[in-house]
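Each remark here refers to the structure printed beneath this line.
The values are calculated or read from the model by the stated rules, or taken from the named source; none is laboratory data. On a predicted model such as this, the values are computed, not experimentally measured, just so you know. Heads up, the Cβs are rebuilt from the backbone with ideal geometry, glycines too, and the neighbour counts pull from every protein chain shown.
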Amino acid sequence: MTKTILTIDDSRTMRDMLMLALSGAGYRVIQAVDGVDGLETLSAEGADIVITDINMPRLDGFGFIEGMRADPANRSIPVLVLTTESDAAKKQRARDAGATGWIVKPFDPVKLIEAVRRVAA
Amino acid sequence: MSETDPFEAIKVVFFQECDELLGDLEAGLLAMESGRTDSETVNAVFRAVHSVKGGAGAFGLDALVRFAHVFETLMDEIRAGRKPCDDLTVKTLLRASDVLADHIAAARGQADPVDEARSAALVAELEALTHGDEGAVLSEPVADDIAAIEIDLGADEFGFKPVAFNFAALDAPVETAEPELQAWRITLRPHGRMYANANETGLLLRELARLGETAVALDLSALPDLNALAAEEGCLTWTVELTTAAPEADIRDVFDFVETDCDLEIVRASDEASASEDAAAPESEPESEPEFDIAALLARAQAEVVAEAPVAPVEAVLPQLTAEIAPAPAPVEVSTPPAVQAAAAPVPAKAPAAVTIRVDLDRVDRLINVVGELVIQQAMLAQRVTESGLARSSGVSVGLEDLELLTREIQDSVMAIRAQPVKSVFQRMPRLVREVAEMTGKKVRLVTSGEDTEVDKTVVERLAEPMTHMLRNAIDHGLETPEERLAAGKAAEGVVRLAALHRSGRIVIEISDDGAGINRERVRGIAISRGLIAEDAVLTDDEIDNLIFLPGFSTAETVTDVSGRGVGMDVVRRSIQSLGGRISIASNPGKGSTFTLSLPLTLAVLDGMVVTAAEQTLVAPLTAIVESLTPRAEDIHHVGGHDAVIRFRDAFVPLIDVAMAMGFRTTPTVSATGVAVVVENEAGQRAALLFDAIQGQRQVVIKSLETNYQQVEGVAAATILGDGRVALILDVDALTANARRQASRPELKLAS
Amino acid sequence: MTDHFSTTASDARELIAFRIGEQEFCVDIMAVREIRGWTPATPLPRTPGYMKGVINLRGAVLPIIDLGVRFGLTTSEPTARHVIMVAHIGGRMVGLLVDAVSDIIQLKDEEIQPTPDVASDHVKSFVKGIFALDGRMLSLIELDRIVPEIEAEAA
């Protein structure tokens, strides 16, 4: 069954690139433009995996993950954060918020797919 | 479709997005400049630069990435509160945003690469602000600076390195490692936290299995009774025997995400060759097969764990193992993200974003044209029905009236699609102001208002040029130098105001400065020396001010292009007039001047009153009309013997014989049998236009005369009426202005 | 497209000939888009005498230039016999009012002779050259000169 990935990023360029890489790998991709939109879309449509940016208006990536995890139903949905910040402290921050893993921006499409496969059955 | 096509398309999207980001960037910086340094504003600026950098990295636009990176670094310091947001910083950031824009333009091939010295200089300033007193980078030769940046890039705390996209790699076969096999033992004991983040042991194990052959054992010995189960602690230990040729880094990589949320041990099996056999996990178990059965393992684990009532702690530890996670739709609580601090000054909550779609402009234009034709056809149909003698109450006539209403509604809706706020034009102005200020050595602050005022796209695009000219003029000629201003008791910094607003069905743009105003003596003198007015001409202050619009007046003394070319105000006026607009100036010596620009809201459609004069059908714009009346002989008087005026509401307004003014007739219209339409121009001055008759009111599609011919005085544009004939749309302002200047025009040339 | 003399390998041009009064003229056929009969034009105020006004050409506003007046020849009242040549000049669509259109001619460059001095200066400014055909003299018109770039504003 095709898995659905929710991609959240305020940059249209990023959304398009994620769409290109992920749909090319056979995933169904739905999009949101910031944390609030992400929470709404997730609750309206559901997703198997979430990929989210950190820096976004209205509600950032961390806020999104925390909000998402607050609902027990979402506990098992893997979330990957897109980040240009790959030092240990930032990773911990992501983990603390509830991220399953991360992808470093700008991302290599191959690594992106690998990361997705790593966290999703 | 080849891989590069969609990729190139995304590149286009990226540059479009850059335009928006630059706009946001500038808006944010200007807000910061005027004191609004709340977290939301600063973060918005950071995000803008961050997004530019991110996208640029994906496309390998190195120069842009490097510059954006330094910019972003400083912004990060500011948003984290580690660096202040003072005046010097903001002004540097503003200049940096200009250079960033130039880098973007160069990256998209629209401009030459940015001058290295200029870019490096700004990089140096940004770095100086970022690193404070600790070793500010000096503005030394360019090469050093760039080398320094590159070193930074390699080692910076973000670990950011531009990686150009390579979609082709997606299809590349996976490289296999060197064939040398190695045995490893991996011990994994997840903490509860790992599961909370939706990491699954099963997936980790599967990942390991990809590296080579694995044998997995599960140790449940640490699993306590249900009662003693601690919520946060994991109690399962997995041991994996892995045979692989992959390096240790690859193995560790598998656990990259979960490293700190588990107890992890990776050792070479050969190192442990003599390790004790009492290691918690036995070497291999019957369960282990080349393809181990996770399901069986998990089932076994599950069987060991009694999961009757969904106890919360159990759930926390083994969410994937229990089949019953009741997805109770608890309301999702949106916790306030720590990143967004409560702003000291309340930032107005943004209204929920309207859903928008992107549409090809061509399609909108085509739609508008077709709707325009629809309006014409509908009018023609109505005409023919009237001519055919059908009663107005007949079904056909009534149906036609309904049709007219519908058509009008369609037209309004379609026009609204193309309505755009003037913001897009306003946004280019701050940078222009900065540049002109720098070139002329003046200190300027630009204050804008009404950016959201909407106008048809066709008008918005044509606003930029005249606005630019007038702003340049205001700064170059309107404002005094800082020294002069101080001497005059003004603040050294001059203020230029740019405002847009709707007024009586038109859009009005005002550009005012608090400079010295128009030097009327000088203007008068120039006009006389160019033979534009007689030496002894008596002119009101207003009239003198407006002399600058006369063709032939302009020299390098009026408006200077920043590159030194002279652009006359008459050219500006002409370009405004070709849009059906008006421009005027009001000046207060010592205090400043205000240019007022008024334009129709759309260049496409007009509500008009259809009139006849000397057998010619004309259209007068409804927005200019105050009232129509039938003149009585006793209401008409003549000033000075021949200038006709008519009484209107306790005042006398000039009476203009349109047929004669347009040259359609040499004999005056008989006022008593005609109709007078009182109109008001931009300045609020009134006049009465005398026509033969009024035909009715209609919405007409505007056809420009300039397309195939040129501007004609007294005529704003043309339209095609129901009978297929062309009717001229009157330029009411020009008519009234003409009449006020010269009452009679004996040399009038008859239109043939 | 403003240069209406397309160069072909053999330097031959295709021209369309028309008549105003007794005189014959021709222009490059590439610039002429269509021929139509005269329809009454809406006059424009304060325009030069040769500007007859504007007409509706399938939704576009087309200015009509009376070539007879433009060339300084006798002014003639437009009757149904008169013909409008819709031409593309300098990026604009313009209607040229003439008496009649006659035929289409092939012409080689070397057949064009310079305009003799007897012709009045006024007409000369529009004429590129003259040539003979079947005993008739035709003047080759420079279309670009018919529509001035910027008209001086009327008084």
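Remark: pairs (first residue in the range A:57-74, among the basic types (Lys, Arg); second residue part of a helix (DSSP H, G or I) and surrounded by fewer than 23 Cβ atoms within 10 Å (Cβ to Cβ); Cβ separation under 6 Å; 6+ apart in sequence or on different chains) = A:Arg58/A:Val36. Scanning the range A:102-121 for residues that are more than 7 Å from chain B (Cβ to nearest Cβ), without any contact (Cβ under 8 Å) to a residue 40 or more places away in the chain and in a helix (DSSP H, G or I) returns A:Lys111, A:Glu114, A:Ala115, A:Arg117.
Screening B:Arg66 on (1) modelled with pLDDT under 90; (2) away from every other protein chain (no Cβ under 11 Å) shows it passes everything except condition (1).
Among the residues of the range C:31-50, those that are closer than 16 Å to B:Ala727 by Cα and either more than 8 Å from every other protein chain (Cβ to nearest Cβ) or not in a loop (DSSP other than H, G, I, E, B) (or both) comprise C:Thr39, C:Thr42. With respect to the conditions (1) surrounded by fewer than 14 Cβ atoms within 10 Å (Cβ to Cβ); (2) at pLDDT 80 or above, B:Gln427 lacks only one, and its number is (1).
B:Arg118 - would you say it is basic (Lys, Arg), outside any strand (DSSP E or B) and modelled with pLDDT of 75 or more? So B:Arg118 passes the test.
Of everything in the range B:667-715 that is within 14 Å of chain C (Cβ to nearest Cβ) and polar (S, T, N, Q), the residue that is nearest to C:Leu57 (Cα to Cα) is B:Asn708. Checking each residue in the range A:54-63 for being in a helix (DSSP H, G or I) and more than 8 Å from chain B (Cβ to nearest Cβ) picks out only A:Gly61. For the range B:602-638, a residue qualifies if it is out of contact with any Ser or Thr (no Cβ under 9 Å at 6 or more places or on another chain), among the charged types (D, E, K, R) and closer than 20 Å to B:Arg503 by Cβ, and exactly one does: B:Glu627.
When residues in the range B:58-86 are screened for being assigned to a helix (DSSP H, G or I) and within 18 Å of B:Val123 (Cα to Cα), 17 of them pass. Selection over the range A:20-36 of residues that are in a helix (DSSP H, G or I) and facing chain B (nearest Cβ under 9 Å) gives a count of 5.
Across the range A:80-101, the qualifying residues are those that are at the interface with chain B (Cβ under 7 Å from one of its Cβ atoms) and buried (at least 20 other Cβ atoms within 10 Å of the Cβ), and the one among them that is nearest to B:Ala68 (Cα to Cα) is A:Thr84.
Is at least one residue of the range B:643-666 away from chain C (no Cβ under 14 Å), in a loop (DSSP other than H, G, I, E, B) and in contact with a strand residue (DSSP E or B) (Cβ under 6 Å, 6 or more places away or on another chain)? For the range B:643-666, residues away from chain C (no Cβ under 14 Å), in a loop (DSSP other than H, G, I, E, B) and in contact with a strand residue (DSSP E or B) (Cβ under 6 Å, 6 or more places away or on another chain): absent.
Could we say that B:Ala661 is among the aliphatic types (A, V, I, L, M) and within 47 Å of the chain's Cα centre (by Cα) here? Yes: the conditions hold for B:Ala661. Reported count of residues in the range B:572-584, each being assigned to a strand (DSSP E or B) and surrounded by 21 or more Cβ atoms within 10 Å (Cβ to Cβ), is 2.
Conditions (1) under 22 Å from B:Ile10 (Cβ atoms); (2) of a type in the set (Ser, Thr, Tyr); (3) over 19 Å from the mean Cα position of the chain (by Cα), marked per residue:
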site	(1), (2), (3)
B:Ala48	yes, no, no
B:Phe67	yes, no, yes
B:Thr73	no, yes, yes
B:Ile78	no, no, yes
B:Asp102	no, no, no
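How many of the residues making up the range A:1-27 are of a type in the set (Lys, Arg) and within 15 Å of A:Glu114 (Cα to Cα)? Count: 1. Looking only at the range B:371-406, residues that are over 18 Å from B:Arg698 (Cα atoms), assigned to a helix (DSSP H, G or I) and not small (Gly, Ala, Ser) come to 1 in all. Counting only residues that are buried (at least 19 other Cβ atoms within 10 Å of the Cβ) and either more than 7 Å from chain B (Cβ to nearest Cβ) or closer than 19 Å to A:Ile65 by Cβ (or both), the range A:8-19 holds 7 of them. Scanning the range B:487-502 for residues that are farther than 18 Å from B:Val444 by Cβ and either touching a strand residue (DSSP E or B) at 6+ places or on another chain (Cβ under 7 Å) or part of a loop (DSSP other than H, G, I, E, B) (or both) gives B:Gly489, B:Ala500, B:Leu501. Do the conditions hold for B:Ile518, that is, is it hydrophobic (A, V, I, L, M, F, W, C), at pLDDT 90 or above and closer than 21 Å to B:Gln685 by Cβ? Taking the combined requirement at face value, the residue does not satisfy it. Looking across the range A:37-53 at every residue that is more than 7 Å from chain B (Cβ to nearest Cβ) and part of a helix (DSSP H, G or I), the one that is surrounded by the fewest Cβ atoms within 10 Å (Cβ to Cβ) is identified as A:Ala44.
Residues of the range B:514-550 that are touching a residue at least 40 places away in the same chain (Cβ under 8 Å), part of a helix (DSSP H, G or I) and in contact with a strand residue (DSSP E or B) (Cβ under 7 Å, 6 or more places away or on another chain): B:Asp545 alone.
Within the range B:594-633, the set of residues being assigned to a strand (DSSP E or B) and among the small types (Gly, Ala, Ser) comprises B:Ser598, B:Gly608, B:Ala613, B:Ala620, B:Ser628.
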